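Notes follow the structure.
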Amino acid sequence: MLEELRKAVLEANLALSRAGLAPGTWGNVSGIDRGQGFFAIKPSGIPYGELTADAMVLVDLAGKVVEGRFKPSSDTATHLEIYCEFPEVGGVTHTHSTVATAFAQAEQPIVCLGTTHADHFDGQVPVTRMLTPAEVAKDYERETGKVIVEAFMECGIDHVRMPAVLVAGHGPFTWGRDAMDSVRNAIALEEVARMARDTILLRRAFGQPIEPIPDHLLRKHFDRKHGPGAYYGQQSGDSHR
């Protein structure tokens, strides 16, 4: 099963690279097997074109490398914190995708301005506070994970309905049911960030206020895909005649 996990995490990392969200060696994806208490993550600094399944590093939930010939991603402790605090998460992606990272560097959340955003994220994508000098000096990557969790806890945000965050001055993290799902959310995040940026620029050019879409429209779009009565896509028992 761990070999299957490694293969799945490899494919997710390659998908992230193909999507253009990880130039150079930027970005990383991990996936967890909660039954065995391990997650697999991209090795640090290895080009995507050189990755193989056996290059993925296995780490336990104490943060100890248990198998792998390379060092794990430098963001491993951040992934670990997300896994420990958000038990429904099965995969985590970190990128420095251009527009979402720009929002993170501006320390601005991504407001839900349209239904494309609402299809993927339940409201505005939050931004964390900036880490303090003491937090950076203490255990930077783990503290990064802690400020992510803090942002959700303090604002009462459901991490299942909001599978994304912007780390102030740093960049986005997304998560999902598994490694590939977290990559899909990273792709969606970059697209809605691009749409938000352009919408904000157009509204300012025309002297219009920057306001989120009405809550009833947000609720309809998010819940038709993710709510208890979701009906988007093919449901069990659907047929084509």
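The values are calculated or read from the model by the stated rules, or taken from the named source; none is laboratory data. Quick caveat, the model's predicted, so the values are computed rather than measured. Quick reminder, even Gly has a Cβ in these numbers, built from the backbone with ideal geometry, and neighbours come from all protein chains shown.
Checking ILE210, ILE157 one by one, the residue that is in contact with a Leu (Cβ under 8 Å, 6 or more places away or on another chain), assigned to a loop (DSSP other than H, G, I, E, B) and surrounded by fewer than 21 Cβ atoms within 10 Å (Cβ to Cβ) is ILE210 and no other. Inside the range 160-187, residues that are part of a helix (DSSP H, G or I) and either within 18 Å of SER74 (Cβ to Cβ) or touching a strand residue (DSSP E or B) at 6+ places or on another chain (Cβ under 8 Å) (or both) make up a count of 8. Look at the range 207-228: where a residue is in contact (Cβ under 8 Å) with a residue 12 or more places away in the chain and closer than 18 Å to VAL192 by Cα and a partner is among the charged types (D, E, K, R) and in a helix (DSSP H, G or I), sitting 6+ places away or on another chain with Cβ atoms under 6 Å, you get ILE210/ARG203; HIS221/ASP119; LYS225/ASP119. Regarding ALA193, is this residue crowded, with 19+ Cβ neighbours inside 10 Å and not in a loop (DSSP other than H, G, I, E, B)? It is true that ALA193 is crowded, with 19+ Cβ neighbours inside 10 Å and not in a loop (DSSP other than H, G, I, E, B). One residue stands out among those in the range 100-115 that are in contact (Cβ under 8 Å) with a residue 60 or more places away in the chain and within 16 Å of the chain's Cα centre (by Cα): the one that is nearest to HIS226 (Cα to Cα), which is ILE110. Would you confirm whether or not the range 114-125 contains a residue that is polar (S, T, N, Q), modelled with pLDDT of 95 or more and in a helix (DSSP H, G or I)? Checked against the condition, which is being polar (S, T, N, Q), modelled with pLDDT of 95 or more and in a helix (DSSP H, G or I), the range 114-125 yields at least one hit. The set of residues in the range 213-237 that are surrounded by 10 or more Cβ atoms within 10 Å (Cβ to Cβ) and either modelled with pLDDT of 80 or more or part of a helix (DSSP H, G or I) (or both) comprises ILE213, ASP215, LEU217, LEU218, ARG219, LYS220, HIS221, PHE222, ASP223, ARG224, LYS225, HIS226.
The test for being out of contact with any Asp or Glu (no Cβ under 9 Å at 6 or more places or on another chain), crowded, with 16+ Cβ neighbours inside 10 Å and not charged (D, E, K, R) does not hold for PHE152.
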